[in-house]
Amino acid sequence: MPASPKLRQVVQLTSPVGMGYLPTGFAFGMLAVQAGLPPLLAVAMSAFIFAGALQFAAVPLLVSGAGISTVALTTLLINLRHVLYAIPLLGDLPRGRAARAYVIGALTDENYSVLTTVDEGPRRELAVWISLVNHSYWILGTFLGAWFGPNVSRWIPNLPFALPALFTILAIEQYLSRRRWLPAVVGLVAYSVARTLFPDYVLIASLSTGLGVLIGFATLSSQGRVTSKGEV
């Protein structure tokens, strides 16, 4: 258990995620049970898979009895972005083998967003706790939705809006932490281009395009600094 100041820091960092994960996990648990999955299976998916968009996509696949190849391909396409997320964090992962494996396995969009707002110094030490607390929010939301969702869903409108709202909050937090507007502009342009040219592969196309452009900018910037130093 981290010391009190670090615990407060973890709670502060993960609170926006909790406000999104609890209702979104609730929606997943409720929808999974309404689709015919056992409540325990819904909670187990959140505990051992922990992949929000994939879990929502997996419900109709499991209910319809889709083949393993269909499930595997869907998983690959939806979660391929996590490979890109992991690359910038490789140098800041915990040193312990089990802790490192857990942080990699729990690397959702929201965990990545929170971890990249933490300074590189304490990031390694806080990575497990941030991942664990966010994971707990998701599991708790799923549990509440699976067992109580069918009875109270009519009193909680617009649950699907929780996830877009969460992404908006995290995007704002990212900008306030780093004050870098270029990645946001590149991301929006890449998404617009991908949506126009590759409507069936928007996520992968936009991620690939955006990553390529940002790597290009970083390479040019690095070369410019080297040239400048050489001239001096």
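The values are calculated or read from the model by the stated rules, or taken from the named source; none is laboratory data. The shown structure was predicted, so the numbers you read here are calculated from the model rather than taken from an experiment. Glycine also receives a Cβ, built like all others from the backbone with ideal geometry; neighbour counts cover every protein chain displayed. Side chains are part of the model used for accessible areas, which takes the heavy atoms of the whole protein and leaves out ligands, DNA and RNA. Shrake-Rupley method; radii C 1.70, N 1.55, O 1.52, S 1.80 Å.
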Report yes if some residue within region 119-130 is modelled with pLDDT under 80, closer than 30 Å to residue 96 by Cβ and open to solvent by 90 Å² or more (accessible area, probe 1.4 Å); otherwise report no. yes
Region 83-102, residues that are in contact (Cβ under 8 Å) with a residue 12 or more places away in the chain, surrounded by 12 or more Cβ atoms within 10 Å (Cβ to Cβ) and more than 13 Å from residue 49 (Cα to Cα): 84, 85, 86, 89, 92, 93, 94, 99
From the residues in region 1-39 that are over 23 Å from the mean Cα position of the chain (by Cα) and touching a residue at least 12 places away in the same chain (Cβ under 8 Å), which one is nearest to residue 131 (Cα to Cα)? 2
In region 103-117, residue most open to solvent (accessible area, probe 1.4 Å) [restricted to those that are touching a Phe, Trp or Tyr at 6+ places or on another chain (Cβ under 8 Å) and either outside any helix (DSSP H, G or I) or over 22 Å from residue 168 (Cβ atoms) (or both)]: 105
Counted residues, region 184-201 - those being assigned to a helix (DSSP H, G or I) and surrounded by fewer than 17 Cβ atoms within 10 Å (Cβ to Cβ): 12
From the list 76, 80, 37, exactly one residue is surrounded by 14 or more Cβ atoms within 10 Å (Cβ to Cβ) and of a type outside the set (D, E, K, R). Which is it? 37
Counted residues, region 30-51 - those being modelled with pLDDT under 85, part of a helix (DSSP H, G or I) and among the hydrophobic types (A, V, I, L, M, F, W, C): 1
Filtering region 1-29 down to residues that are under 14 Å from residue 143 (Cα atoms) and open to solvent by 20 Å² or more (accessible area, probe 1.4 Å), which residue is modelled with the lowest pLDDT? 23
